[in-house]
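First comes the structure, then the notes that go with it.
The values are calculated or read from the model by the stated rules, or taken from the named source; none is laboratory data. Being a predicted model, the structure only gives us computed values, none of them experimental. Ideal geometry is used to build each Cβ from the backbone, glycine not excepted, and the neighbour counts take in all protein chains shown. Each accessible area value is taken on the protein alone, full model and side chains, heavy atoms only, with ligands, DNA and RNA left out. Shrake-Rupley method; radii C 1.70, N 1.55, O 1.52, S 1.80 Å.
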Amino acid sequence: MAKKTAGSQRSGSTPATVALRAMGIAFSERSYAHDPAVTDFGGEAARALGVAPERVFKTLHADVDGALAVAIVPVSGTLDLKALAAALGGKRAAMADPAMAERRTGYVVGGMSPLGQRSRLRTVLDASAMAHATVLVSGGRRGLDLELRPDDLLQATSSVLAEIGRVG
């Protein structure tokens, strides 16, 4: 996996790609044609890119004891809200309002990256990511995923590593 540099061809910068470049973290941009009729954004990315759904991670936002938090879990499963709350030392978690998540992150639903968000939010990465040499996350817009090492994703997002995903 080659690191993208300022002189290389890119599909366009996003706050996520800018953040990774600023941190010196190697990644690959993986673009695909997003179908506006599709709402299973992560599943669409896995199919379009020919990647196992266990390696494609979705970025979800939850309210944990009154504070917005980020959960990064495989698109092949679901988020365990109790496990997310526990990983952050909280008591309760509920899915966040998508409009609020859009305002706080600067991204739209289906293109929310865990990287380069407007506000630094507490983040938890599902431990299953560590079983893969690389994983894919949204690059900050629909039709763009970023492939990087799980250790680099953990570092770039200042994540807590925990088992927060459930096999779907």
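The strands (runs of 3 or more DSSP E) located wholly in segment 66-106 that include 1 or more residues which are over 17 Å from the mean Cα position of the chain (by Cα) and crowded, with 17+ Cβ neighbours inside 10 Å occupy 93-95. Scanning segment 104-120 for residues that are over 14 Å from I72 (Cβ atoms) and polar (S, T, N, Q) returns a single hit, S119.
Restricting the first member to segment 151-168 and to residues that are surrounded by fewer than 17 Cβ atoms within 10 Å (Cβ to Cβ), and the second to residues that are among the polar types (S, T, N, Q) and part of a loop (DSSP other than H, G, I, E, B), the beta-carbon pairs closer than 6 Å and six or more apart or on different chains are G168/S76. Filtered by the rule that a residue be under 10 Å from the mean Cα position of the chain (by Cα) and open to solvent by 50 Å² or more (accessible area, probe 1.4 Å), segment 50-65 gives a lone residue, K58.
In segment 33-49, what residues are open to solvent by 20 Å² or more (accessible area, probe 1.4 Å) and either touching a Ser or Thr at 6+ places or on another chain (Cβ under 6 Å) or among the hydrophobic types (A, V, I, L, M, F, W, C) (or both)? Answer for segment 33-49, where residues must be open to solvent by 20 Å² or more (accessible area, probe 1.4 Å) and either touching a Ser or Thr at 6+ places or on another chain (Cβ under 6 Å) or among the hydrophobic types (A, V, I, L, M, F, W, C) (or both): A33, A37, V38, F41, A48, L49.
How many residues does segment 23-65 contain that are of a type in the set (V, I, T), closer than 20 Å to T123 by Cα and outside any strand (DSSP E or B)? Spell out how you get there, then give the answer.
Initially, segment 23-65 is screened for residues of a type in the set (V, I, T), giving 25, 38-39, 51, 56, 59, 64.
Narrowing further to those that are closer than 20 Å to T123 by Cα: 25, 56, 59, 64.
Next, from what is left, pick out any that are outside any strand (DSSP E or B): 25.
So the answer is 1.
If you check R120 against the conditions, is it more than 11 Å from the chain's Cα centre (by Cα), within 25 Å of G89 (Cβ to Cβ) and part of a loop (DSSP other than H, G, I, E, B)? It is true that R120 is more than 11 Å from the chain's Cα centre (by Cα), within 25 Å of G89 (Cβ to Cβ) and part of a loop (DSSP other than H, G, I, E, B).
The set of residues in segment 132-142 that are in contact (Cβ under 8 Å) with a residue 40 or more places away in the chain and open to solvent by 10 Å² or more (accessible area, probe 1.4 Å) comprises H132, T134, S138, G140, R141, R142.
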